[in-house]
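Below is one structure, written out as structure tokens; the observations come after it.
Derivation of every value follows stated rules applied to the coordinates shown; laboratory data play no part. Owing to the predicted nature of the structure, the values given are computational and were not obtained by experimental measurement. Neighbour counts are summed over all protein chains in view; Cβ atoms, including those assigned to glycine, are modelled from backbone coordinates with ideal geometry.
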There are 2 protein chains.
Amino acid sequence: MAVTVIGSIAIDNIETPFDKTGDVLGGSATYFSLAASFLTDVKIIGTVGNDFDRKHLSVFKDRSIDVKGIKTEEGKTFRWKGRYGYDMSDPETLMTELGVFSSFKPAVPHGSKNDMLFLANIDPDIQFDALKQMGAPRLTALDTMNFWIEGKKEKLMKVLELADIFIINESEARLLTGESSIFSCAKTIIKSGAKILILKRGAYGATMFFENKFFMVPAYPLENVIDPTGAGDSFAGGFLGYIDNTGDMTFDNLKKALVFGNIMASFAVEGFSVNRFLSINGGEIKDRFKKFREMTYFEELSE
Amino acid sequence: MAVTVIGSIAIDNIETPFDKTGDVLGGSATYFSLAASFLTDVKIIGTVGNDFDRKHLSVFKDRSIDVKGIKTEEGKTFRWKGRYGYDMSDPETLMTELGVFSSFKPAVPHGSKNDMLFLANIDPDIQFDALKQMGAPRLTALDTMNFWIEGKKEKLMKVLELADIFIINESEARLLTGESSIFSCAKTIIKSGAKILILKRGAYGATMFFENKFFMVPAYPLENVIDPTGAGDSFAGGFLGYIDNTGDMTFDNLKKALVFGNIMASFAVEGFSVNRFLSINGGEIKDRFKKFREMTYFEELSE
């Protein structure tokens with residue numbers, strides 16, 4: 001089993017009130033693939049410019065991620081510069097340079113055509129094209145953002161029709177559906193296609209809707225958040241990685257998968273860029289799962 | 001067993017983007033006592049003016065709350081007027097008239113001296129005086145707000161030294177301790193006195209710290225929030241009411257108590273003023289407990 005992810009590979013510059021980085025590795029496909037790599041086999045499809053430092057490629061290779069789908073093009077790698085405030089929530093974008101990403105046309109390799117597929121937050125036209133290239137993906141999951149909801153809603157809805165899982169921020173679900181209650185959002189979205197809906201709530205966790213069932217988790221609590229960049233994609237990586245690893249689509253297993261999403265997001269924010277992923281050992285992930293269960297478990301009422 | 005609460009009884013005027021009220025019953029002791037009354041015996045200590053509509057008294061009496069501690073004084077009942085924005089979080093205060101509440105000097109009746117005690121959010125000088133009047137309260141719980149943290153911190157810390165349970169908003173805990181991590185907040189506060197610390201997170205639930213153990217719940221999800229006023233005091237009422245009902249201070253039982261707090265807060269916000277409390281039946285409370293467990297429960301990992 002394997003997961004293929006299509007999304008951005010970027011060079012980020014990040015500022016928080018406490019520290020800042022130089023050029024560091026970022027991008028939705030980057031965070032997703034590293035997070036998922038602790039749970040299953042991962043293939044990454046993306047594009048970088050000829051300015052892309054080869055040392056970054058070894059970050060993927062060291063986690064046994066298949067990088068054959070990363071194409072190097074003449075031009076500059078996608079760059080993003082952002083600044084977080086004291087609340088460490090939505091960053092201010094200081095600079096975006098699309099570079100070679102502006103003409104990104106992913107070619108899905110033959111070996112990926114029956115994988116689970118994660119369409120990270122990119123242009124719905126590209127998501128649609130990529131999906132059409134797949135043979136019979138075992139499962140397709142989709143992310144997006146307000147920019148595409150406002151600018152390419154029609155195409156986005158076509159992709160959603162073909163997807164199994166939709167993973168977006170709670171506020172984006174409200175924007176997409178025009179509904180304020182998350183239950184009304186879920187009804188509308190599930191009617192439009194996806195069988196499973198995940199609403200991300202940033203520092204407050206996530207909720208899942210599936211077959212009229214509902215599950216929610218608070219975020220994994222941390223002493224110290226260093227850099228929230230990539231938390232959502234790492235969440236998706238943990239969630240889909242665990243589903244791919246177990247091949248079990250029962251609600252009980254999807255709940256555990258959501259907890260793995262939560263936990264991979266918690267590692268992502270404990271360091272700048274993908275740094276924290278480079279120091280995780282397998283025991284630490286299981287240990288957080290166990291601790292998280294202790295923190296949230298309570299007994300039934302005795303009759 | 002019984003809980004005695006000392007706090008405000010008020011006449012509120014509330015506006016939301018969707019609706020508004022005329023003069024309605026409010027106040028911290030009001031919400032607390034009604035919420036707790038579904039779980040244990042409650043006595044309320046407070047003051048009202050001679051303008052206080054007697055029909056409000058029957059709201060307490062109908063829930064078998066002991067109102068002998070409500071003193072009617074010459075003057076006006078405490079009035080608060082507030083307006084919520086679209087996010088239904090912190091309201092804007094449009095008007096506060098303390099009235100008879102400005103000279104509130106609670107006298108603790110003999111029958112309350114061994115009760116569990118809840119010192120709702122009032123002047124720490126009054127909280128301290130009331131606590132000194134108690135014989136040996138089985139358990140003392142304390143609430144406060146940023147106004148007293150900024151204005152009477154020294155006295156507040158003296159009350160905290162004598163309290164067993166401290167229930168405050170997460171942002172107020174940060175203000176009180178000057179710490180940003182909730183774990184550092186908890187360490188500092190528990191050193192100052194309270195054995196159990198509850199941090200309320202509004203629409204995002206609550207966390208509990210007790211003997212180096214940690215528990216957290218997301219808020220009970222609702223289709224429709226009508227009026228957030230009194231959610232925190234109703235939370236405290238559910239929490240302490242269940243502890244008083246069971247007399248069990250194990251961590252497992254405190255977890256269940258926190259869930260009851262969560263659930264009583266969910267009822268509070270489903271109607272203006274205390275209206276939703278007037279239509280609850282006991283089955284509904286247990287039903288929400290059961291549903292909440294289903295929404296948050298997940299299995300352990302198999303080895």
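Take B:Asp51, move 7 Å from Cα toward the beta carbon, and the resulting point lies 6.8 nm from the same point in each other copy, nearest first. Each Lys and Arg Cβ is given +1 and each Asp and Glu Cβ -1; about its Cα centre, segment A:102-167 then shows a dipole of about 160 debye.
The GNM of chain A, with springs linking C-alpha atoms under 10 angstrom apart, assigns the highest mean-square fluctuation among A:Asp125, A:Asp66, A:Asp87 to A:Asp87. With the helix formula -39500 (n - 2.57) applied to DSSP H stretches of n ≥ 4, the protein assembly as shown reaches a computed 222 nm mean residue ellipticity of -11500 deg cm²/dmol.
Considering only B:Asn224, B:Asn146, B:Asn114, the mean-square fluctuation computed in a Gaussian network model of chain B, springs between alpha carbons under 10 angstrom, is largest for B:Asn224. Springs join every pair of Cα atoms under 10 Å in this Gaussian network model of chain B, and among B:Val269, B:Val42, B:Val100 the largest mean-square fluctuation is at B:Val100.
Among the trypsin sites (Lys or Arg not before Pro) in segment A:145-207, those placed in a DSSP loop whose Cβ has at most 15 other Cβ atoms within 10 Å are A:Lys195. Our note on the geometry: Cα centres of segment B:14-37 and segment B:267-296, 16 Å apart. Shape class for chain B, computed from the alpha carbon gyration tensor (a ≥ b ≥ c): rounded, with a/c under 1.5. Each Lys and Arg Cβ is given +1 and each Asp and Glu Cβ -1; about its Cα centre, segment A:2-296 then shows a dipole of about 640 debye. Across the identical copies, the 7 Å label point of B:Lys187, projected outward along Cα→Cβ, sits 4.8 nm from its counterparts, in ascending order. The per residue volume of the convex hull around the alpha-carbon atoms of the protein assembly as shown is 150 Å³. Taken as Cα centroids, segment B:220-261 and segment A:118-175 sit 40 Å apart, rounded to the nearest whole angstrom.
The GluC sites (Glu not before Pro) found in segment A:97-161 include none that occupy coil by DSSP while having at most 16 further C-beta atoms within 10 Å. Distance between the 7 Å Cα→Cβ label points at A:Lys290 and B:Lys153: 4.0 nm.
If R0 is 56 Å, what FRET efficiency do you get for B:Ala2 and A:Glu74 from their C-beta distance, rounded to 0.05?
E between B:Ala2 and A:Glu74, to the nearest 0.05, is 0.10.
Here the contact order of segment A:2-296, divided by its residue count and restricted to Cα pairs under 8 Å and six or more residues apart, works out to 18 percent. Using R0 = 30 Å, the C-beta based FRET efficiency linking B:Lys187 and A:Ser89 works out to 0.75.
Each of B:Asp19 and A:Asp23 was given a label point 7 Å from its Cα along the Cα-to-Cβ line. The distance between the two points is 5.9 nm.
Scanning chain A for DSSP H helices at least 20 Å long along the axis (C-alpha atoms) with a Kyte-Doolittle mean no lower than 0.5 picks out A:251-268.
Within the shell of other residues whose beta carbon sits under 13 angstrom from the beta carbon of A:Tyr84, the net charge comes to -4, with Lys and Arg scored +1 and Asp and Glu -1.
When the Cα positions of B:Pro17, B:Pro91, B:Gly247 are compared along the charge dipole of chain B, B:Gly247 comes out farthest toward the positive end, with charges on each C-beta of Lys, Arg, Asp and Glu. Answer rounded, prolate or oblate for segment A:45-173, using the Cα gyration tensor with square roots of eigenvalues a ≥ b ≥ c: rounded when a/c is under 1.5, else prolate when a/b is larger than b/c, else oblate. It is oblate, given that a/c is not under 1.5 and a/b is not larger than b/c. Of A:Ile126, A:Thr296, B:Ile165, which is farthest towards the positive pole of the protein assembly as shown's charge dipole, taken about the Cα centre with +1 and -1 on the beta-carbons of Lys, Arg and Asp, Glu respectively? After comparing all options, I get A:Thr296.
What pairs in A:Lys155/A:Lys256; A:Lys43/B:Lys291; A:Lys71/A:Lys195; B:Lys76/B:Lys152; B:Lys20/B:Lys152; B:Lys132/B:Lys286 have C-alpha atoms more than 30 Å from each other? As for pairs spanning more than 30 Å Cα to Cα, those are A:Lys155/A:Lys256; A:Lys43/B:Lys291; A:Lys71/A:Lys195; B:Lys20/B:Lys152; B:Lys132/B:Lys286. Summary for B:Asp90: label point 7 Å along Cα→Cβ; distances to the equivalent points in the other copies, ascending, 1.8 nm.
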